[in-house]
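Participant: My structure is below; once you've seen it, I'll send some questions.
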Amino acid sequence: MKAAVVVFPGSNCDRDCKTAIERSTGASVDMVWHGESELPSGLDLIVLPGGFAHGDYLRCGAMAALSPVMGAVRAAAARGVAVAGICNGFQVLCEAGMLPGAMLRNAGLKYVCKAVALDVVNAQTRFTAAYGEQRVAVMTVGNGEGAYFADPETLDRLEGDGRIAFRYRDNPNGSARDIAGIVSEDGHVLGVMPHPDRAFEAALGSADGVPLFQSILGRA
């Protein structure tokens, strides 16, 4: 199995993602600079990591969404390659139009960094299947603009189509309907604000991010 992590100027969780994927699944991981217009062949997973792409100027993820590599990311997703955006990566996916909605400033207007408990809302997506009967996962958030927002019609559609993957048990940022992670209409793209890459072994406080990577790469 093969994965790629896209690196933007200001990414700070790219190596975390690489290590988490390797230790969770044994897959090989390539690091791809955002200025590249092509991705490695034979990929099973593309990850847009957390951090502060382009310093979060304009809006979080807005500049990264225009990076040359994003054309290849869109094309790969259209072919059925799994794409996961974590934290800043979720923001990028929304700005790129690959996921609906937008990320707003946290309700308290402060950066929030702490462990959070999540409900695994839909364990039948390609990103959550390895959770099986596990219905609660603990990961960490670290963001200043992590409040997911969408119009009521879009939120109803996400609910009705089973596209909400994770919900906060104790909402840390004001996200609409406690949403912590969603999947695209075709099921190939995930955006998740908490960090599975910071929860891949017990020594980190939780290993609940492991099933996410194992779900994608079939190593459960």
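Participant: Out of the residues in the range 50-104 meeting the condition of being modelled with pLDDT of 95 or more and of a type in the set (Lys, Arg), tell me which one is surrounded by the most Cβ atoms within 10 Å (Cβ to Cβ).
Facilitator: Residue satisfying both the conditions and the ranking: 74.
Participant: Looking for whichever is part of a loop (DSSP other than H, G, I, E, B), more than 21 Å from residue 2 (Cα to Cα) and more than 14 Å from the chain's Cα centre (by Cα) here; the options are 97, 61, 55, 35. Which one fits? I'd like the intermediate steps shown before the answer.
Facilitator: Details: 61 fails: more than 14 Å from the chain's Cα centre (by Cα); 55 fails: part of a loop (DSSP other than H, G, I, E, B); 35 fails: more than 21 Å from residue 2 (Cα to Cα).
The match here is 97.
Participant: Restricting to the range 68-94, what's the tally of residues that are more than 14 Å from the chain's Cα centre (by Cα), under 17 Å from residue 17 (Cβ atoms) and either part of a loop (DSSP other than H, G, I, E, B) or of a type in the set (Phe, Trp, Tyr) (or both)?
Facilitator: Going through the range 68-94 one residue at a time, the tally reaches 1.
Participant: Let me ask something additional. Quick one: what pairs do we get from the range 56-79, first residue among the acidic types (Asp, Glu), second in a loop (DSSP other than H, G, I, E, B), C-beta under 9 Å, 6+ apart or different chains?
Facilitator: The qualifying pairs are 56/10; 56/62; 56/63; 56/144; 56/145.
Participant: Ok, one more. In the range 1-24, which residue that is part of a helix (DSSP H, G or I) and in contact (Cβ under 8 Å) with a residue 40 or more places away in the chain is nearest to the chain's Cα centre (by Cα)?
Facilitator: Ranking the qualifying residues of the range 1-24, first place goes to 17.
Participant: Would you mind listing the strands (runs of 3 or more DSSP E) fully within the range 132-220 where at least 3 residues are among the β-branched types (Val, Ile, Thr) and buried (at least 24 other Cβ atoms within 10 Å of the Cβ)? I'd like the intermediate steps shown before the answer.
Facilitator: Details: elements: 136-143, 147-149, 164-168, 179-183, 189-192.
In the range 132-220, the matching strands (runs of 3 or more DSSP E) lie at 179-183.
Participant: So is residue 212 at pLDDT below 95, within 18 Å of residue 19 (Cα to Cα) and of a type in the set (A, V, I, L, M) or not? Can you show your working first?
Facilitator: Values: at pLDDT below 95: no; within 18 Å of residue 19 (Cα to Cα): yes; of a type in the set (A, V, I, L, M): yes.
Taking the combined requirement at face value, the residue does not satisfy it.
Participant: Filter the range 22-49 down to the residues that are among the hydrophobic types (A, V, I, L, M, F, W, C) and either at pLDDT below 95 or loosely packed, with under 14 Cβ neighbours inside 10 Å (or both) and list them by number. Give the derivation first.
Facilitator: Step one: filter the range 22-49 for residues among the hydrophobic types (A, V, I, L, M, F, W, C), giving 27, 29, 31-33, 39, 43, 45-48.
Across the range 22-49, the qualifying residue is only 33.
The values are calculated or read from the model by the stated rules, or taken from the named source; none is laboratory data. Quick caveat, the model's predicted, so the values are computed rather than measured. Positions of Cβ are backbone-derived with ideal geometry, glycine not excepted, and every protein chain shown enters the neighbour counts.
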